[in-house]
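Report on the structure given below.
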Amino acid sequence: MKIIGIIPARFASTRFPGKPLVHLGDKPIIQHVFEKSEKALKWVYVATDDKRIFDAVSEFGGKVVMTSANHQSGTDRCAEALDIIENELSVKFEAVINIQGDEPFIQPEQISRLTELFSDPQSQITTLIRKINTPEDIFDPNKPKVVIDNNNFALLFSRSPIPFLRGIPKENWPGEFVFFKHIGIYGYKADVLRQLTHLPPSLTEIAESLEQLRWLSNGYRIKTALTDHESIGIDTPEDLQKALKLL
């Protein structure tokens, strides 16, 4: 199976403008992500709408394509980039891994887990989950939760704690049920990725501001895999200071 990794990266972040180019140690964040991704995939490209990011990626020897500035999500940007890259290389890819451009601590094995899930022919979209061990994480709306079925397909995502444990004190919830946090990295079958870009927002997506609920509402199957690695995204300057301590 031919699988490509695409890293959507835009300059105009509301909370941290220009963060892909901010240095973490001796290299920009986007370079950390690109180099980690290359350890897991043969083909990796950055997809951006900003010449500054394009030039920076080219300078460190990475592959990059320019995409429209009008995309509403990384998923849409990946779909356009896929068409551009396939035309440039005269290659048809069967699946795409959407790698967050602000996660410099992504592990190559996490990307590999997503690709392995496509061995199940029912997997249309793949993603990662992690066990939650503290009540704080269960009730944190900035850490989306997911409930899975017996075959590890996602049933529901929510910013609320799901499921609700009736009759059990909230501080005891981690010991009574295995809760899962969603790790926001995705794989898509190439044809599915193109279909997703034509779907209108669903009511659940609008309510929760979670794009993956649009896909579930339209019947797409999202296969999950467990990871032990914590997701460490850099969304603010404060996040950068925390990340510097992890180097």
- Task: Would you tally the net charge around F93, using a Cβ to Cβ cut-off of less than 9 Å, leaving F93 out, and scoring K and R as +1, D and E as -1?
- Result: 0
- Rank-order 155-166, 48-59 by packing density, defined as the average count of other C-beta atoms within 10 Å over each peptide's residues, highest first. 48-59, 155-166
- Query: For the chain, max minus min Cα coordinate along each principal axis, in Å, sorted largest first?
  - Reply: 57, 41, 31
- Query: Between their Cα atoms, which of K27/K63; K42/K92; K2/K181; K63/K223; K2/K63; K36/K92 are more than 20 Å away from each other?
  - Reply: K2/K181; K63/K223; K36/K92
- Just for the chain, what percent of DSSP beta bridges are antiparallel, to the closest 5? 55
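If you roll a 1.4 Å probe over region 9-59 with all protein chains in place, what percent of the accessible area is carbon or sulfur?
C and S atoms contribute 49 percent here.
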- Pulled fully out, how much extra length does the chain show between Q195 and S112, if you take 0.36 nm times their separation in residues and subtract their Cα-Cα distance? 27.5 nm
- Would you mind calculating the relative contact order of region 13-64 from Cα pairs under 8 angstrom and at least 6 residues apart, reporting the percent as a whole number? 28
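By its C-alpha gyration tensor, with a ≥ b ≥ c as the square roots of the eigenvalues, how is region 92-225 shaped: rounded for a/c under 1.5, else prolate for a/b larger than b/c, else oblate?
Note, shape of region 92-225 comes out prolate.
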- Query: How big is the charge dipole of the chain about its Cα centre, in debye rounded to the nearest 20, if each Lys and Arg gets +1 on its Cβ and each Asp and Glu gets -1 on its Cβ?
  - Reply: 220
- Message: With n ≥ 4 as the cut-off for DSSP H runs, can you work out [θ] at 222 nm for the chain, using -39500 (n - 2.57) per run divided by the number of residues, rounded to the nearest 500?
- Response: -8500 deg cm²/dmol
- When only Cα pairs under 8 Å and 6 or more residues apart are kept, what is the percent relative contact order across the chain? 23
- Which one of D26, D137, D191 has the biggest mean-square fluctuation once the chain is modelled by GNM with Cα springs under 10 Å? D26
- Item | Extended-chain gain in nm, criterion 0.36 nm per residue less alpha-carbon gap, S58 and R15 | 12.9 nm
- Item | Using a Förster distance of 35 Å, the FRET efficiency for K92-I206 (Cβ separation, nearest 0.05) | 0.55
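The values are calculated or read from the model by the stated rules, or taken from the named source; none is laboratory data. The structure presented is a predicted model; accordingly, all values stated were derived computationally and were not measured. All Cβ positions, even for glycine, are placed from backbone atoms using ideal geometry, and neighbour counts span all protein chains on display. All accessible areas refer to the heavy atoms of the entire protein, side chains included, with ligands and DNA or RNA removed. Shrake-Rupley method; radii C 1.70, N 1.55, O 1.52, S 1.80 Å.
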